[in-house]
Amino acid sequence: MIAFLLAQTIAITGGTVYPVSGPKIENATVLIRDGRIAAVGANVAVPAGATRIDAAGKWITPGLIDGAGQMGLREISAVQGTNESQLRGNEIAAAFNVLEGINPASILIPVNRIEGVTTTLAVPNGSLILGQAALIDLDGATIEAMRVKSPVAMVADLSEGSKDAGGGSRAGVAQRLRRAFDDALEYSRRGPSYQRAQNEALAASAADLQALLPVLRGQLPLIAIANRRSDIETALRIAREYKLRLILAGAAEAWMIPGQITAAGVPVLVEPLQNLPSYDALGIRYENAPLLAKGGVKLALMETTTENTRNLRQQAGNAVANGMTWDQALRAVTLTPAEIFGVADRYGSLEAGKVANVVVWSGDPFEFSTGVEHVYIRGREIPLRSRQTELLERYKTLPPKY
Amino acid sequence: MRHPSILLGLIVMVAVGCASAGAKPASSTTAPQSTATTPSTQDTTAGIGPQYVSTYQRHPNPPVLIRNATILTATGQEIQGGSILLRDGKIVAVGATVETPSDATVVDATGKWVTPGVIDTHSHLGVYAAPGTFAESDGNEATRPVTAEVWAEHSFWPQDPQIPLAIAGGVTTIQALPGSANLIGGRSAVLKLIPGRSVQEMKFPGAHYGLKMACGENPKRVYGQRGGPSTRMGNMAGYREAFIGAQSYRRRWDKWNKDHQGDPPDRNLRNETLAEVLRGNIYVQNHCYRADEMLQMLDLAREFGFKIRSFHHAVEAYKIADVLAREGVASSVWADWWGFKEEAMDGIYENAALLQQAGARAVIHSDDAGGIQRLNQEAAKAMYHGRRAGIPVTRDQALRWFTANPAWALGLDSIVGTLEPGKMADVVVWSADPLSVYAQAVQVYNDGWLVYDRTDPTHQPKTDFMLGHP
């Protein structure tokens, strides 16, 4: 038994540790035991028999958390048969939780986790009310093994992409969303009459209305996709009216109104490398994330391209180049998303008791010159292999040996 | 172009991308073999004479001396604390010490880095312009599978608000291509990336037109339910039919050009372009993801006696890097795009590095209005992943992936792509090592004209479209 326990103990020693919850610690040890972080610090005793990883000269951070994408839900975007993220034909798909659509065997998972991303939000696609998002770790043979939290939030879209669902007008989008909320409340009050068909048809099915109730009771956050300033303000307005726990996503023009956003206590998910103007957001710019950070907005960074979730660190590096501080950027891909998704008691920093999602980098995690040396998810060392590394091995010398 | 991120409802234009590939033994540390490029090539069709002529004119500027910089010349040289002198649109001198002419504007670039201007072999700027509505969707003449008769320059919108963003990323030259819906999509436009009122003011004097061809899934998907092709064999038959038509057209015109007997043959725009390909005056730029399909296309090129200049989106080029090196075809690739469709599943980070190692010519291209703003970053990803896999790649070689090598793919390597005396003064001053994520273009000179200065709003071009917006 003792031998078994010791086999579960890993000591990463000698590196510079960025706990995120506190200042960096030089020449420190991260002790992992049974999937959890047992200790972090400069004076941590390494138990005899622990597996030692020499990390001298290395940087150690929490695993990165990407609050975006369809990891596990979408293998090849162009192949419909591999897509599980959208409930077609239902624009108020509140009861749709993506979790059971996740494929733990997706080849996208190894490709991305070996670049330092250990946890992602699996987000439904669609329009108006897209469904419920779930947070997963990028390791595990089963959905249950990957699951971190489900649901994390209800997802709604208030951007141009939802206009059809609103009859062609942004005002229609807001009104339809309100009607769904009102009817959910109505349903909660008069469920039996509804079942007996004694009141008029409601805005959605009973299951979808019921699924909105945790949102309306403030138990489940609402992630609202909105980019244009006026759409962001609509989301804030609706959140005030219904006392919702709002999370803004996309938020391309949020840099115009950081004061309103902080006053509302609303966190924001932003993709830093978005700057191409469209009619949904003519004011889109690289400085969005830096200006929000400067304005005190609670901010997490995203990479929304599922197969390249690994570029979250490039997103963060560019946010720094455009004015965020490095510390802000690291927090925005670790502890802040953990806080926003309600899992900061277990995720997002290197502290005793937290889940051992840990990455050992050869240097600054945001730099291209930096490689990933070790990845731990729930304390398990992840082999640095993927279908892509196997292709490399096969074709490294030509002709290949089939 | 790939499917953009969908999750957050950010409206991103979806275009159909393209690809080409190619390779040629690329010397790593010496100046590239220059390609004979005659300034008359681009505007002249054999027997027809100049048409749609470039009206490009160099913007007059005082001489500029950039000094105290780390200069990466893309010829194998890295000069610490070096200087570079630009005069009349040309690089006059590069070195550790360059004399300061009395009339020169002096730029102190202490702590900064200098490279050649960035060149993108694969852009849809101007033809798939922002804001990305149907009104700006001018990249695919998707009405029939062979449209060799269309020219990208006739779609190109110089007021595309994405253009200044690319300039701010250090880009000085692009090839604007038709999309990849079609087997043969039309002529490309090779452009100086500068503000202008017309595409002809931007058209690169002396550049070869490209012919956009596309393999694989896109033409199949677009035409499968519309009369075909619906298969890859249908794709091949479509190319062959088109070039068979062009062969006899070319014979008739070549004969008439020689003897001028009787009336000239009737003109046919489609065959006119394809005949120029057969004559070697127009370069084939071929969207092609899969290794086996690239080999098919090389067979096609052999059948009709033309060269493919570059494969584009060549995510599987590394599987045939030896062949591409031998054939002298360039490969325009991404650092890490993969997985968005089946023919893109085998993309690996080490593609460019493996091509380099095999002696093939690697190019990092964008196909994307976002990616074009950071081709330096994409090259950095490809270089460092290559190195970690044990493939030796120098910084100079990686720099060449987005400067000298694309210059070759466009037939411009005797004019741009390196920092050497006599070359066009397309120069970028970076805030740091351009292969760092933190580097930003500080100044961009195009033919000696300071088209972008990060610290000076009077040198930050804004398109008509963006006027009046926040």
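The values are calculated or read from the model by the stated rules, or taken from the named source; none is laboratory data. Just so it is clear, the model here is predicted, and its values are computed rather than measured. Every residue, glycine as well, gets a Cβ built from its backbone with ideal geometry; the counts of neighbours run over all protein chains shown.
Looking at B:Ala369, B:Ala360 in this structure, which one is among the aliphatic types (A, V, I, L, M) and more than 8 Å from chain A (Cβ to nearest Cβ)?
Being among the aliphatic types (A, V, I, L, M) and more than 8 Å from chain A (Cβ to nearest Cβ) holds for just one of B:Ala369, B:Ala360, which is B:Ala360.
Is it the case that A:Pro221 is away from chain B (no Cβ under 14 Å) and within 18 Å of the chain's Cα centre (by Cα)?
Here the answer is yes, as A:Pro221 does meet what is asked.
Scan the range A:321-354 for residues that are among the acidic types (Asp, Glu), in contact (Cβ under 8 Å) with a residue 60 or more places away in the chain and assigned to a loop (DSSP other than H, G, I, E, B) and jot them down.
If we filter the range A:321-354 for residues that are among the acidic types (Asp, Glu), which is where we start, we get A:327, A:339, A:345, A:351.
Applying the additional criterion that residues be in contact (Cβ under 8 Å) with a residue 60 or more places away in the chain yields A:339, A:351.
Matches in the range A:321-354: A:Glu351 only.
Yes or no, residue by residue, for (1) modelled with pLDDT under 95; (2) more than 29 Å from B:Ser436 (Cβ to Cβ):
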{"position": "A:Glu373", "(1), (2)": "no, no"}
{"position": "A:Arg380", "(1), (2)": "no, yes"}
{"position": "A:Glu390", "(1), (2)": "no, yes"}
{"position": "A:Lys396", "(1), (2)": "no, no"}
{"position": "A:Tyr402", "(1), (2)": "yes, yes"}
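Could you check, for the range A:10-30, whether at least one of its residues is at pLDDT 95 or above, surrounded by fewer than 16 Cβ atoms within 10 Å (Cβ to Cβ) and over 28 Å from the mean Cα position of the chain (by Cα)?
The answer is yes, given that some residue of the range A:10-30 is at pLDDT 95 or above, surrounded by fewer than 16 Cβ atoms within 10 Å (Cβ to Cβ) and over 28 Å from the mean Cα position of the chain (by Cα).
Within the range A:353-375, does at least one residue satisfy the condition of being farther than 24 Å from B:Ala389 by Cα and either among the acidic types (Asp, Glu) or not assigned by TED's automatic domain parsing to the domain that holds A:Ile25 (or both)? Don't jump to the end; show me each part of the working.
To start, the set of residues in the range A:353-375 that are farther than 24 Å from B:Ala389 by Cα comprises A:353-357.
Applying the additional criterion that residues be either among the acidic types (Asp, Glu) or not assigned by TED's automatic domain parsing to the domain that holds A:Ile25 (or both) yields none.
No, because not a single residue in the range A:353-375 is farther than 24 Å from B:Ala389 by Cα and either among the acidic types (Asp, Glu) or not assigned by TED's automatic domain parsing to the domain that holds A:Ile25 (or both).
Identify, please: which residue in the range B:304-322 is surrounded by fewer than 22 Cβ atoms within 10 Å (Cβ to Cβ) and of a type outside the set (A, V, I, L, M, F, W, C) and is, among those, farthest from the other protein chains (Cβ to nearest Cβ)?
Restricting to residues being surrounded by fewer than 22 Cβ atoms within 10 Å (Cβ to Cβ) and of a type outside the set (A, V, I, L, M, F, W, C), the top hit is B:Gly305.
Condition (residue is without any contact (Cβ under 8 Å) to a residue 60 or more places away in the chain and either touching an Asp or Glu at 6+ places or on another chain (Cβ under 8 Å) or of a type in the set (A, V, I, L, M) (or both)) applied to the range A:34-43: is it met by at least one residue?
Checking the range A:34-43: at least one residue is without any contact (Cβ under 8 Å) to a residue 60 or more places away in the chain and either touching an Asp or Glu at 6+ places or on another chain (Cβ under 8 Å) or of a type in the set (A, V, I, L, M) (or both).
Which one of A:Leu220, A:Leu213, A:Leu209 is in the same structural domain as A:Ile340 (by TED's automatic domain parsing), without any contact (Cβ under 8 Å) to a residue 60 or more places away in the chain and farther than 20 Å from A:Leu292 by Cβ?
A:Leu213
Of the residues in the range B:451-470, how many are within 10 Å of chain A (Cβ to nearest Cβ) and touching a Lys or Arg at 6+ places or on another chain (Cβ under 9 Å)?
Of the residues in that region, 1 qualify.
Can you give me the number of residues within the range A:272-283 that are over 20 Å from the mean Cα position of the chain (by Cα) and either more than 8 Å from every other protein chain (Cβ to nearest Cβ) or polar (S, T, N, Q) (or both)?
Qualifying residue count for the region: 2.
Looking only at the range A:226-244, count every residue that is under 19 Å from A:Ala180 (Cβ atoms), among the charged types (D, E, K, R) and surrounded by fewer than 20 Cβ atoms within 10 Å (Cβ to Cβ) and tell me the total.
Residues meeting the conditions: 4.
Pick from B:Leu300, B:Leu274: which is within 16 Å of B:Ser310 (Cβ to Cβ) and touching a residue at least 24 places away in the same chain (Cβ under 8 Å)? Write out each step before concluding.
Details: B:Leu274 fails: within 16 Å of B:Ser310 (Cβ to Cβ).
After applying the criteria, what remains is B:Leu300.
Within the range B:124-159, count every residue that is among the charged types (D, E, K, R), farther than 16 Å from B:Val190 by Cα and either touching a residue at least 24 places away in the same chain (Cβ under 8 Å) or within 12 Å of chain A (Cβ to nearest Cβ) (or both). Steps first, answer last, please.
Within the range B:124-159, the subset among the charged types (D, E, K, R) is B:136, B:138, B:141, B:144, B:149, B:153.
Those still in the list that are farther than 16 Å from B:Val190 by Cα too: B:136, B:138, B:141, B:144, B:149.
Cutting the leftovers down to either touching a residue at least 24 places away in the same chain (Cβ under 8 Å) or within 12 Å of chain A (Cβ to nearest Cβ) (or both) gives us B:136, B:141, B:144, B:149.
Counting residues in the range B:124-159 that are among the charged types (D, E, K, R), farther than 16 Å from B:Val190 by Cα and either touching a residue at least 24 places away in the same chain (Cβ under 8 Å) or within 12 Å of chain A (Cβ to nearest Cβ) (or both) gives 4.
I need a count of the residues in the range A:77-102 that are more than 14 Å from every other protein chain (Cβ to nearest Cβ) and over 16 Å from A:Val155 (Cβ atoms).
2
State which residue is nearest to the other protein chains (Cβ to nearest Cβ) when the search covers only the range B:160-186 and only residues that are under 21 Å from B:Arg144 (Cβ atoms) and within 13 Å of the chain's Cα centre (by Cα).
Applying the filter and picking the extreme gives B:Leu177.
Looking only at the range A:115-126, how many residues end up being away from chain B (no Cβ under 13 Å) and of a type in the set (S, T, N, Q)?
Looking only at that region, the number is 2.
Mind counting the residues in the range A:373-402 that are among the hydroxyl-bearing types (Ser, Thr, Tyr), touching a residue at least 12 places away in the same chain (Cβ under 8 Å) and not in a loop (DSSP other than H, G, I, E, B)?
Qualifying residue count for the region: 2.
What number of residues within the range A:266-296 are closer than 23 Å to B:His469 by Cβ and assigned to a loop (DSSP other than H, G, I, E, B)? If you could, list the steps in order and put the result at the bottom.
Just the residues of the range A:266-296 that are closer than 23 Å to B:His469 by Cβ, to begin with: A:268, A:270-292, A:294-295.
Applying the additional criterion that residues be assigned to a loop (DSSP other than H, G, I, E, B) yields A:271-277, A:279-280, A:282-287, A:295.
Qualifying residue count, the range A:266-296: 16.
Among the residues of the range B:338-367, how many are buried (at least 24 other Cβ atoms within 10 Å of the Cβ) and acidic (Asp, Glu)?
2
Being under 19 Å from the mean Cα position of the chain (by Cα), part of a helix (DSSP H, G or I), within 14 Å of another protein chain (Cβ to nearest Cβ) and at pLDDT 95 or above narrows it down to one residue among B:Ala335, B:Ala325, B:Ala352; which is it?
B:Ala352
Could you run through the range A:159-208 and say how many residues are over 17 Å from A:Ala224 (Cα atoms), hydrophobic (A, V, I, L, M, F, W, C) and out of contact with any strand residue (DSSP E or B) (no Cβ under 7 Å at 6 or more places or on another chain)?
Residues in the range A:159-208 being over 17 Å from A:Ala224 (Cα atoms), hydrophobic (A, V, I, L, M, F, W, C) and out of contact with any strand residue (DSSP E or B) (no Cβ under 7 Å at 6 or more places or on another chain): 7 in total.
Output the number of the condition that B:Gln377 fails; it satisfies all remaining conditions of (1) away from chain A (no Cβ under 12 Å); (2) in a helix (DSSP H, G or I).
Failed condition: (1).
Is there a residue being without any contact (Cβ under 8 Å) to a residue 24 or more places away in the chain, farther than 27 Å from B:Asp396 by Cβ and over 26 Å from the mean Cα position of the chain (by Cα) anywhere in the range B:58-78?
There is no residue in the range B:58-78 that is without any contact (Cβ under 8 Å) to a residue 24 or more places away in the chain, farther than 27 Å from B:Asp396 by Cβ and over 26 Å from the mean Cα position of the chain (by Cα).
For the range A:127-167, which residues satisfy the criterion of being among the hydroxyl-bearing types (Ser, Thr, Tyr) and within 12 Å of chain B (Cβ to nearest Cβ)?
Residues satisfying the conditions are A:Ser127, A:Ser159, A:Ser162.
Which of (1) in contact (Cβ under 8 Å) with a residue 60 or more places away in the chain; (2) touching a Lys or Arg at 6+ places or on another chain (Cβ under 6 Å); (3) within 11 Å of another protein chain (Cβ to nearest Cβ) is the odd one out, the single condition A:Phe368 does not satisfy?
(1)
If the requirement is being of a type outside the set (Ser, Thr, Tyr), farther than 21 Å from B:Tyr283 by Cβ and modelled with pLDDT under 95, which of these qualifies: B:Val94, B:Val12?
Exactly one of B:Val94, B:Val12 is of a type outside the set (Ser, Thr, Tyr), farther than 21 Å from B:Tyr283 by Cβ and modelled with pLDDT under 95, namely B:Val12.
Evaluate the range A:297-312: report whether one residue or more is at pLDDT 95 or above, farther than 24 Å from A:Ser85 by Cβ, within 7 Å of chain B (Cβ to nearest Cβ) and in a helix (DSSP H, G or I).
Within the range A:297-312, none of the residues are at pLDDT 95 or above, farther than 24 Å from A:Ser85 by Cβ, within 7 Å of chain B (Cβ to nearest Cβ) and in a helix (DSSP H, G or I).
Taking the range B:430-470, which residues are in a strand (DSSP E or B) and within 22 Å of the chain's Cα centre (by Cα)?
B:Trp430, B:Ala441, B:Gln443, B:Val444, B:Tyr445, B:Asn446, B:Trp449, B:Leu450, B:Val451, B:Tyr452
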